[in-house]
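K.L.:
Have a look at this one before I ask anything.
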Amino acid sequence: AQSVAQPEDQVNVAEGNPLTVKCTYSVSGNPYLFWYVQYPNRGLQFLLKYITGDNLVKGSYGFEAEFNKSQTSFHLKKPSALVSDSALYFCAVRRSNDYKLSFGAGTTVTVRA
Amino acid sequence: DAGITQSPRHKVTETGTPVTLRCHQTENHRYMYWYRQDPGHGLRLIHYSYGVKDTDKGEVSDGYSVSRSKTEDFLLTLESATSSQTSVYFCASQGDLEYEQYFGPGTRLTVT
């Protein structure tokens, strides 16, 4: 079985401040980890992924995420948030030998001007 | 983004009627998926396909069936719609050589 937990339903930050969205996962074997973003009334857009190698991965729109195997975490970060980053963020995991993703419940990010 | 379209984009139907949602992709992706999105649950997998005529159940498959007669099309059918199936439905696809899935714009289904 595999699962993802996003412990915060909402994250509120001021524009220009650092943004962190938390994700922990549970999966047997090697995990493939993903972050997606959803803007209102839109589909999910891929942000970044961890497959193997460097624990710090960089993605679209200035986002990055750090894979921590010992803590089974994959937190999403952005050094300086923008109002346009306000959206719903999903963390997802799958096993390396499987093609089915499991998603977290999502975290709503609000960046205030 | 991968070329994935869904139709219809919005639908209102009555309890007990059959409903079919269509997903069409132009990327020649092998894998296709149907999810439903509900507040507090994220996205949950309904069914998926790993090739033409090859499909399998996801975690919330009761009341749904799928068909894939061509690589580019993946149909989701609600045999007899219920109010609990009111949701936003997303289709996704993934190629053999890719790790991530690409999502369509979604279909908002309301069952009255």
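None of the figures in this text is laboratory data; all of them are computed from the coordinates on show. All figures in this text were calculated on a predicted structure; none of them were measured in a lab. Reconstructed Cβ throughout: ideal geometry from the backbone, glycine too, with neighbour counts over all protein chains shown.
K.L.:
Do any strands (runs of 3 or more DSSP E) entirely within segment B:1-90 hold 3 or more residues that are within 25 Å of residue A:89 (Cα to Cα) and of a type in the set (A, V, I, L, M, F, W, C), and if so, which?
P.N.:
Working: elements: B:4-7, B:10-13, B:19-25, B:31-38, B:42-51, B:54-57, B:64-70, B:73-78.
Of the strands (runs of 3 or more DSSP E) lying wholly inside segment B:1-90, those with at least 3 residues that are within 25 Å of residue A:89 (Cα to Cα) and of a type in the set (A, V, I, L, M, F, W, C) span B:42-51.
K.L.:
What residue, of A:94, A:112, is of a type outside the set (S, T, N, Q) and under 14 Å from residue B:101 (Cβ atoms)? Don't jump to the end; show me each part of the working.
P.N.:
On the way: A:112 fails: under 14 Å from residue B:101 (Cβ atoms).
Step by step, each of A:94, A:112 is checked, and only A:94 is of a type outside the set (S, T, N, Q) and under 14 Å from residue B:101 (Cβ atoms).
K.L.:
Would it be correct to say that residue B:95 is surrounded by fewer than 20 Cβ atoms within 10 Å (Cβ to Cβ), within 14 Å of chain A (Cβ to nearest Cβ), of a type in the set (Gly, Ala, Ser) and in contact (Cβ under 8 Å) with a residue 60 or more places away in the chain? Give the steps one after another, and end with the answer.
P.N.:
Details: surrounded by fewer than 20 Cβ atoms within 10 Å (Cβ to Cβ): yes; within 14 Å of chain A (Cβ to nearest Cβ): yes; of a type in the set (Gly, Ala, Ser): yes; in contact (Cβ under 8 Å) with a residue 60 or more places away in the chain: yes.
The answer is yes for residue B:95.
K.L.:
Looking at residue A:79, is it exposed (fewer than 12 other Cβ atoms within 10 Å of the Cβ) and in contact with a Gly (Cβ under 8 Å, 6 or more places away or on another chain)?
P.N.:
Numbers: exposed (fewer than 12 other Cβ atoms within 10 Å of the Cβ): yes; in contact with a Gly (Cβ under 8 Å, 6 or more places away or on another chain): yes.
So residue A:79 fits the description; yes.
K.L.:
Residue B:106 is checked against (1) more than 14 Å from every other protein chain (Cβ to nearest Cβ); (2) over 16 Å from residue A:99 (Cβ atoms) and fails just one. What number does that condition carry?
P.N.:
Every listed condition holds for residue B:106 apart from (1).
K.L.:
Is at least one residue of segment B:3-24 exposed (fewer than 12 other Cβ atoms within 10 Å of the Cβ) and within 11 Å of another protein chain (Cβ to nearest Cβ)?
P.N.:
yes
K.L.:
Right, another one. Would you kindly identify the strands (runs of 3 or more DSSP E) lying entirely within chain A that contain at least 3 residues that are within 12 Å of chain B (Cβ to nearest Cβ)? Let's see the steps before the verdict.
P.N.:
Numbers: elements: A:3-5, A:10-14, A:19-21, A:24-26, A:31-38, A:44-50, A:56-58, A:64-68, A:73-78, A:87-95, A:107-112.
Hits in chain A: A:3-5, A:31-38, A:44-50, A:87-95.
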